[in-house]
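Here's the structure, in structure tokens; my notes come after.
Computed from the coordinates by the stated procedures, all read-outs in this text should not be read as laboratory data. Not measured: the values here are computed from a predicted model. When we count neighbours, we look across all protein chains shown, and the Cβ atoms used for this are built from the backbone with ideal geometry, even at glycine.
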Number of protein chains: 2
Amino acid sequence: MHILIVEDELGIVQFLQQGLQEEGYEVTTANDGSKGFELVQNQQFDLILLDWMLPKINGLDLCKAIRIKDQKTPIIFLTAKDTVHETIEGLKAGANDYIKKPFSFEELVERIKVHFRNRKGSEILTLGAIKIDLSKHIVLKNEEEIALTQREFELLTYLVQNKGKVCTRNQILKDVWEINFEYDTGVIDVFMNAIRKKLNLKIEEDYIKTIRGIGYIANDL
Amino acid sequence: MHILIVEDELGIVQFLQQGLQEEGYEVTTANDGSKGFELVQNQQFDLILLDWMLPKINGLDLCKAIRIKDQKTPIIFLTAKDTVHETIEGLKAGANDYIKKPFSFEELVERIKVHFRNRKGSEILTLGAIKIDLSKHIVLKNEEEIALTQREFELLTYLVQNKGKVCTRNQILKDVWEINFEYDTGVIDVFMNAIRKKLNLKIEEDYIKTIRGIGYIANDL
DNA sequence: GTGTTAACTTAATGTTTCCTTAAGATGATT
DNA sequence: AATCATCTTAAGGAAACATTAAGTTAACAC
């Protein structure tokens, strides 16, 4: 998640940048309005923090300018201008929230999270260079998409979700195939073979190991 | 636009109800938490205004309860509890905004509008060369209008709103057809077929992919 | 209210994909 | 070397999806 801070007071910028980075956000800063505008033109941000009084282009105009071509990115005003009238003006200009200085950093973080909350984070599982995107239902190896069938996908996902733990054949039959009694025709082997082939995994030394007599185990290397 | 006010102080309720109705909103009120919960269960609101201290179920718990089954509807806390800690708690419970009493009615209206703006802002959905104008209720491909029926329109809209995420058949039946139990006659296939035909989408390489055994997914290319 | 049309749903048929089985090959273990 | 588990391949059959047609419902005009 990439946040842009447009603010000219150095102390505040540093305070915000450090705090937000500690929260795990990527942060870019601009110390005047025109620099902020330039950045917005050339890059995609997930959220913008905006001061009102800025050199060159003020925050209100910048907000309007951003909204002309981008209606989506959340903009939060962060300003000492705290009259009702100004708040309203800021919101009318296209801002999504308006926080008055002095503000609590914690509250700011919570309000930022509100905007990210509904952006459904696609859950991504990894196994070394392999990524499984559950919401997109795709598998990537080295950023290249690998087409798996439904069962292959389910089996691989199961192993990766249990990464580091041995999955017995019976567990796999139970959880992936929903076969609750002992009955093994060798389906698992067939699918393991298909998965290894498609993902180009070597039997011996790669991410998915065979535990002879027991089952399989997935592991990062 | 239908707003629910959950608030026990009669004076505030009347003040809000009248004011918001003058702004053109439809307003429903509940004077305690359990009544509010009941209304939310049985009706669809576009926004909820919530007091914190309420008889029977307090606002915080009500907010959490609503969020269990509904992540989308904006919730605005409107309360005299004004410490930073409480604000944060409210936002963490799933609220989208937190306004402290006493508040300016104008600011409230503006903040309400913010939440509806995003809805209007995304009134034009896109999927590659396809545009869906929700307010005009039309679909364009390469600026040329394509006539879709109601259900076709709803299904396409649903997929595009969930762009990049797999929509399972059950989800589609639930959200588009409002069938909440497992019952698939193959309607979805028929409509998918109609949509693809009208929009001239190839099954293999185009915007809407079939995920065998799961459902469908829309994606820009 | 009735007739007409369009839209929605169900059902039937065709097509494709993939799941399973089985059987031979390979490799490990005793 | 013999045995057993796993790997590998191929083929039949089943399941899922696409497509078409027919039946049913809902909407609209008159």
How many percent of DSSP beta bridges within the protein assembly as shown run antiparallel, rounded to 5? 50
Counting all C-alpha pairs of the protein assembly as shown, share separated by more than 33 Å (%): 50
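Using a Förster distance of 41 angstrom, determine the FRET efficiency expected from the C-beta separation of residue A:134 and residue A:85, and round it to 0.05.
On the way: r = 47 Å, r/R0 = 1.15.
Working from the Cβ atoms, E equals 0.30.
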Suppose R0 equals 35 Å. What FRET efficiency, 1/(1 + (r/R0)^6) with r the Cβ-Cβ distance, do residue B:58 and residue B:174 give to the nearest 0.05? 0.70
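Quick one: grab the alpha carbon gyration tensor of segment B:49-113, order the square roots of its eigenvalues as a ≥ b ≥ c, and give me rounded if a/c is under 1.5, else prolate or oblate depending on whether a/b is larger than b/c. Could the numbers behind the result be given before it?
Numbers: a/c = 1.70, a/b = 1.26, b/c = 1.35.
It comes out oblate by the Cα gyration axes.
Using the Cα gyration tensor of segment B:111-221, with a ≥ b ≥ c the square roots of its eigenvalues, what is the shape: rounded (a/c below 1.5), prolate (a/b larger than b/c) or oblate (neither)? It would help to have the intermediate numbers written out before the result.
Working: a/c = 1.71, a/b = 1.22, b/c = 1.40.
Oblate, because a/c is 1.5 or more while a/b does not exceed b/c.
If you take the square roots of the eigenvalues of the alpha-carbon gyration tensor of segment A:2-117 and sort them as a ≥ b ≥ c, do you get rounded (a/c under 1.5), prolate (a/b over b/c) or oblate? Display every interim value, and only then the final one.
Working: a/c = 1.24, a/b = 1.10, b/c = 1.13.
Because its axes are fairly even, with a/c under 1.5, segment A:2-117 counts as rounded.
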What angle, in degrees between 0 and 90 and rounded to the nearest 10, separates the Cα long axis of helix A:59-69 from the longest principal axis of the Cα atoms of chain A? 50
Where does helix A:187-199 land angle-wise versus the long Cα axis of chain A, in degrees 0 to 90, nearest 10? 50
For segment B:11-27, just list the computed ³J(HN,Hα) in residue order, Karplus coefficients 6.51, -1.76 and 1.60, θ = phi - 60°, integers in Hz, with x standing in for Gly and Pro. x, 5, 4, 5, 4, 5, 4, 4, x, 6, 5, 5, 7, x, 9, 7, 10
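Report relative contact order for segment A:2-117 in percent, whole number only (criteria: Cα-Cα under 8 Å, sequence separation at least 6).
On the way: 175 pairs, mean separation 25.6, N = 116.
Contact order relative to length: 22 percent.
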Taking a cut-off of 30 Å, what percent of all Cα-Cα pairs in chain B are separated by more than that? 39
Would you mind computing, in nm to one decimal, how far apart the modelled labels at residue B:68 and residue B:21 are, each placed 7 Å from Cα along Cα→Cβ? 3.3
Rounded tilt (10° steps) of B:150-161 against the dominant C-alpha axis of chain B: 70
